[in-house]
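Since the structure comes first, as structure tokens, the remarks are kept for the end.
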Amino acid sequence: MNKIKQIPVLERVAKANEIFVNEIRENFRKNDIICFNIMGSPGCGKTTFIENTILKLKDKKKIAVIEGDLATTIDAERIRDLGVDVFQINTGAMCHLDARLIREALAKMDLSNIDLLFIENVGNLVCPSSHDLGEDYRIILASVPEGPHKPKKYPVIYKEADVVVITKADLLEHFPDFTVETLFGHAKEIKPDIITFKVALKGKEIIMDEWIQWLLNAKPNNR
Ligand code: MG
Ligand code: ZN
């Protein structure tokens with residue numbers, strides 16, 4: 001009895017989500033926006049990665065950011081300080097973003113003034129993978145201090161990702177167990193065509209040219 005009742009509810013939720021996703025996509029196509037969902041564990045460098053991408057591209061592209069965070073606006077303030085439009089979503093107890101929240105945020109943003117939209121997902125390697133936000137690309141970050149085995153431990157989020165980026169690559173010399181080949185190898189076992197980049201900081205120099213090149217050439221992608 002219980003089970004029969006639950007199935008239609010789940011179907012209704014899935015259906016509603018699909019409607020939101022389609023609406024978000026239509027909005028992105030209409031406004032020539034390409035959207036990137038940035039995912040990774042807490043502390044892997046998602047905000048820094050978005051900040052540095054902004055620093056590299058601010059003069060070339062109109063960028064906006066949606067910040068997902070359980071409770072604070074700390075990351076959003078960092079982005080705002082770069083002079084970029086940022087919309088904060090505080091998820092409270094919820095450990096991921098969903099299409100309903102993104103749709104609400106987009107309704108309050110000036111979409112005609114955006115080329116590239118970055119969504120910083122909640123730091124979590126589990127449930128963001130099962131929530132389609134209408135994004136064009138899913139980017140999973142793996143920082144060097146986390147070790148090379150995250151793709152093996154969290155295969156679902158890697159399977160659903162389009163791009164994997166090794167962050168904090170400047171620390172490689174301090175983590176002999178972590179090699180770029182090992183991490184990318186594990187990721188490709190799960191998702192053979194995953195696109196791979198690594199980024200690093202050398203003093204004040206931001207090393208992410210290959211990622212930036214790819215980003216500038218990224219096409220709309222109704223995934
Ligand atoms: Mg952050
Ligand atoms: Zn969650």
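The values are calculated or read from the model by the stated rules, or taken from the named source; none is laboratory data. Values in this document were obtained by computation on a predicted structure and should not be read as measured data. Heads up, the Cβs are rebuilt from the backbone with ideal geometry, glycines too, and the neighbour counts pull from every protein chain shown. These accessible areas exclude ligands, DNA and RNA; they are computed on the full protein's heavy atoms, side chains included. Shrake-Rupley method; radii C 1.70, N 1.55, O 1.52, S 1.80 Å.
Worth a mention:
- The single condition from (1) out of contact with any Leu (no Cβ under 6 Å at 6 or more places or on another chain); (2) more than 16 Å from ligand 2 (Cβ to nearest atom); (3) modelled with pLDDT of 95 or more; (4) open to solvent by less than 30 Å² (accessible area, probe 1.4 Å) that L55 fails is (4).
- Matching residues, region 128-171, being away from ligand 2 (no atom under 16 Å from the Cβ), assigned to a helix (DSSP H, G or I) and either charged (D, E, K, R) or surrounded by fewer than 24 Cβ atoms within 10 Å (Cβ to Cβ) (or both): P145, E146, K150, K152, K153, P155, K159, A169, D170, L171
- Number of positions in region 3-50 that are farther than 14 Å from V165 by Cβ and assigned to a helix (DSSP H, G or I): 28
- Residues that are in a loop (DSSP other than H, G, I, E, B), open to solvent by 30 Å² or more (accessible area, probe 1.4 Å) and either within 13 Å of ligand 2 (Cβ to nearest atom) or not hydrophobic (A, V, I, L, M, F, W, C) (or both) within region 63-114 comprise L70, T72, T73, D81, G83, G92, A93, M94, C95, K108, D110, listed in sequence order.
- Annotation note: Cβ proximity below 6 Å between a residue of region 122-138 that is closer than 13 Å to Y154 by Cβ and a residue that is assigned to a helix (DSSP H, G or I) and aliphatic (A, V, I, L, M) (sequence gap 6+ or interchain) occurs for L125/I157; S129/V156; S129/I157.
- Of everything listed in (1) part of a strand (DSSP E or B); (2) within 16 Å of ligand 2 (Cβ to nearest atom); (3) of a type in the set (G, A, S), the single unmet condition for G123 is (1).
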